[in-house]
1. Evaluate the following for V559: is it in a strand (DSSP E or B) and in contact with a Ser or Thr (Cβ under 6 Å, 6 or more places away or on another chain)?
2. Among F454, F447, which is in contact with a Pro (Cβ under 7 Å, 6 or more places away or on another chain) and within 26 Å of H348 (Cβ to Cβ)?
3. Pick from the stretch 175-202 the residues that are out of contact with any Phe, Trp or Tyr (no Cβ under 7 Å at 6 or more places or on another chain), open to solvent by less than 30 Å² (accessible area, probe 1.4 Å) and part of a loop (DSSP other than H, G, I, E, B): which of them is nearest to P325 (Cα to Cα)?
4. Could you tell me which residue of the stretch 153-172 is modelled with the lowest pLDDT, considering only residues that are open to solvent by less than 40 Å² (accessible area, probe 1.4 Å) and within 26 Å of V320 (Cβ to Cβ)?
5. State all residues of the stretch 382-410 that are of a type in the set (A, V, I, L, M), part of a loop (DSSP other than H, G, I, E, B) and surrounded by fewer than 20 Cβ atoms within 10 Å (Cβ to Cβ); if no residue qualifies, say none.
6. Quick check on the stretch 513-559: of everything there that is without any contact (Cβ under 8 Å) to a residue 12 or more places away in the chain and under 24 Å from T488 (Cβ atoms), which residue is surrounded by the most Cβ atoms within 10 Å (Cβ to Cβ)?
7. With A78, A86, A134, A106 as the choices, which residue is within 22 Å of the chain's Cα centre (by Cα) and either open to solvent by less than 50 Å² (accessible area, probe 1.4 Å) or small (G, A, S) (or both)?
8. Any residue at all in the stretch 417-424 that's out of contact with any strand residue (DSSP E or B) (no Cβ under 7 Å at 6 or more places or on another chain), more than 25 Å from T488 (Cβ to Cβ) and surrounded by 20 or more Cβ atoms within 10 Å (Cβ to Cβ)?
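The values are calculated or read from the model by the stated rules, or taken from the named source; none is laboratory data. The model shown is predicted, which means the values in this text are computed figures rather than measured ones. No Cβ is skipped: glycine too gets one built from the backbone with ideal geometry, and neighbour counts run over all protein chains shown. Note: areas computed on protein heavy atoms with side chains; ligands, DNA, RNA excluded. Shrake-Rupley method; radii C 1.70, N 1.55, O 1.52, S 1.80 Å.
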Amino acid sequence: MRFLKLAGLAGALAVTATGASLAARAPARPVATIWHGGTIITMDGDTPQTVEAVVERGGKIEYVGSERQARKLAGRGAADHDLHGATMLPGFIDAHSHFAVALQSASGLDLSDSEQAQFKDVPSLIGAIKAFVARRAIPAGGWVIVWQYDQDDLAEHRHVTRKELDAAFPDRKVVLLHVSLHGMVVNSAALAAFGIDEATPVPPGGIMPKDGEGKLSGLLFEQAMYLAMPKLPQPTEQEKLAAIDAAQQRYMRTGYTHAQDGATQPADLAFLTSPAARERLKIDLALLPFYSNLPALLKQKDPGFGRYQGHVKLQGVKFVLDGSPQARTAYFTRDYANGSPDGHHPWHGQPVMDEAKFQAMAKQVNDRGWQLFVHANGDAAIDMAIRGFDALGIKAADNRRPIVIHSQFMRPDQLAAYARIGVGPAFFSNHTYYWADVHRSNFPADFVAFISPFKAARAAGLIPSNHSDFPVTALDTMTMLWTSMARTSMTGVVSGADQQLSAYEGLQALTTGPAWQIFEENRKGRLHAGLLADFVVLDRNPLTTPLDQIRGIKVIETVKEGQTVWHR
């Protein structure tokens with residue numbers, strides 16, 4: 001009997017020792033962090049909800065609720081993050097921008113930066129470019145790349161001409177990239193480098209106007225621009241790697257924890273999916289390979305759409321059906337009052353892609369189960385997108401979530417089609433501030449009042465998002481929020497008061513809306529247990545800040561999966 005008791009005791013000790021050994025080998029549970037002491041807006045639901053505290057552990061949200069329960073669940077030794085009265089929300093999600101451009105633009109002249117260039121008309125613009133050439137000591141024969149050029153910023157309200165650029169820069173290759181990213185103005189040296197002259201055929205969907213003497217004016221828009229793009233100077237891989245941190249800092253300082261590259265070209269696709277680039281990214285990055293990449297993608301058994309590798313994933317394929325309304329290249333069912341980019345009438349724009357080609361390529365994408373992203377600004381281009389989706393038989397119940405980027409000049413009747421198909425409209429409220437006055441010079445006021453119709457889309461059961469289209473407009477989430485609420489132009493004219501959003505609705509278009517559009521509503525966009533601990537901390541509460549002060553709200557801190565990646 002005594003032997004049995006001793007044997008039992010030895011067995012118990014052995015089990016205990018084994019358990020202790022296993023426990024010693026088990027990975028330690030990550031230390032929790034309690035976020036508290038401010039206004040915490042969860043964005044979880046259709047009405048504003050606030051909580052006292054959030055517990056983060058291991059990069060995910062473990063608990064959302066009372067501070068007392070948070071401290072209990074976090075356990076002893078938890079880190080403490082006091083907001084000191086600031087406001088915390090889920091990290092903002094970029095619904096559409098061009099991340100790769102931030103890797104390329106650093107070497108050029110940014111006309112949107114008043115410290116780099118100040119101008120008011122064609123002569124002073126040329127003077128600003130000359131000053132840039134002198135500062136950078138660009139040699140004869142070198143490239144001069146100018147970003148954010150907009151003819152409507154000039155007193156003349158016309159494009160700079162090839163002749164004017166030739167007179168000022170006879171021995172350098174000058175390229176002025178239009179703010180819309182849908183065209184450029186170049187001089188003779190650049191045309192020669194591109195291999196373009198008066199005998200070059202205008203590609204279908206392209207714009208290459210000639211002057212009164214039969215010479216090219218220097219404008220290359222839409223498909224004509226793609227004759228030049230492959231021959232523009234490109235940064236080296238090392239230069240791109242060095243630029244990644246500065247590029248993502250642009251996003252993080254305005255509260256983004258997720259960015260997009262909205263028309264990824266082959267070289268950028270290879271670079272941004274490389275191990276070296278992935279190692280440097282601190283925020284998530286969704287890539288939309290441009291449709292010109294499609295043949296190469298189709299040859300791959302599994303290119304990896306929808307799956308993250310580190311912080312990078314391929315989200316869907318990007319198509320472009322028309323151009324830009326401010327460049328007068330968007331495709332409409334009515335004429336522009338000011339005519340075409342070179343001033344001829346009548347002009348209602350044109351598709352930049354053949355409709356049959358679009359439908360055939362969209363079918364290839366849809367058949368592989370990849371998401372469709374379609375750029376369409378004018379109502380005729382939106383009709384074209386709808387016909388394409390209908391040709392594929394896409395219905396809302398299929399949950400394919402095709403995205404129409406911009407969806408700007410929608411007609412009310414098109415909302416029902418979007419609802420039937422299950423389209424996610426990626427709106428662009430900044431147009432109501434920057435270009436609504438320009439749009440009213442081309443179209444009736446009631447037509448312009450319906451651009452980016454957030455309220456009507458919501459009423460139709462759609463889930464819209466809002467975006468900057470960087471570098472078309474700056475990465476500034478509080479300006480985006482303000483433009484979605486105010487819809488007021490630079491001259492103080494309101495475009496569509498009935499489409500103005502509340503602050504909460506505007507925040508949804510920066511969080512839950514874009515999360516849904518990329519099938520990540522159960523991963524990010526809300527403060528909810530089990531989701532990523534992606535946060536943005538603001539110095540004021542947007543829900544209680546007066547409208548005229550919304551743009552002045554500052555981002556204090558941006559947090560990606562529990563780690564602070566940017567702090568003011």
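1. No: the conditions fail for V559.
2. Values: F447 fails: in contact with a Pro (Cβ under 7 Å, 6 or more places away or on another chain).
Sole residue among the options that is in contact with a Pro (Cβ under 7 Å, 6 or more places away or on another chain) and within 26 Å of H348 (Cβ to Cβ): F454.
3. The extreme case among them is S180.
4. The extreme case among them is H159.
5. Within the stretch 382-410, the subset of a type in the set (A, V, I, L, M) is 382, 384-386, 391-392, 394, 396-397, 403-405, 410.
When the remaining residues are screened for being part of a loop (DSSP other than H, G, I, E, B), the result is 392, 394, 410.
Within the stretch 382-410, L392 is the sole residue that qualifies.
6. Checked the stretch 513-559; the qualifying residue surrounded by the most Cβ atoms within 10 Å (Cβ to Cβ) is Q549.
7. Values: A78 fails: within 22 Å of the chain's Cα centre (by Cα); A86 fails: within 22 Å of the chain's Cα centre (by Cα); A134 fails: within 22 Å of the chain's Cα centre (by Cα).
A106 is the lone residue from the list that is within 22 Å of the chain's Cα centre (by Cα) and either open to solvent by less than 50 Å² (accessible area, probe 1.4 Å) or small (G, A, S) (or both).
8. So the first thing to find is which residues in the stretch 417-424 are out of contact with any strand residue (DSSP E or B) (no Cβ under 7 Å at 6 or more places or on another chain), and the list is 417, 419-422.
Imposing the further condition that a residue be more than 25 Å from T488 (Cβ to Cβ) reduces the set to 417, 419-422.
When the remaining residues are screened for being surrounded by 20 or more Cβ atoms within 10 Å (Cβ to Cβ), the result is 421.
Yes, there is a match, as at least one residue in the stretch 417-424 is out of contact with any strand residue (DSSP E or B) (no Cβ under 7 Å at 6 or more places or on another chain), more than 25 Å from T488 (Cβ to Cβ) and surrounded by 20 or more Cβ atoms within 10 Å (Cβ to Cβ).
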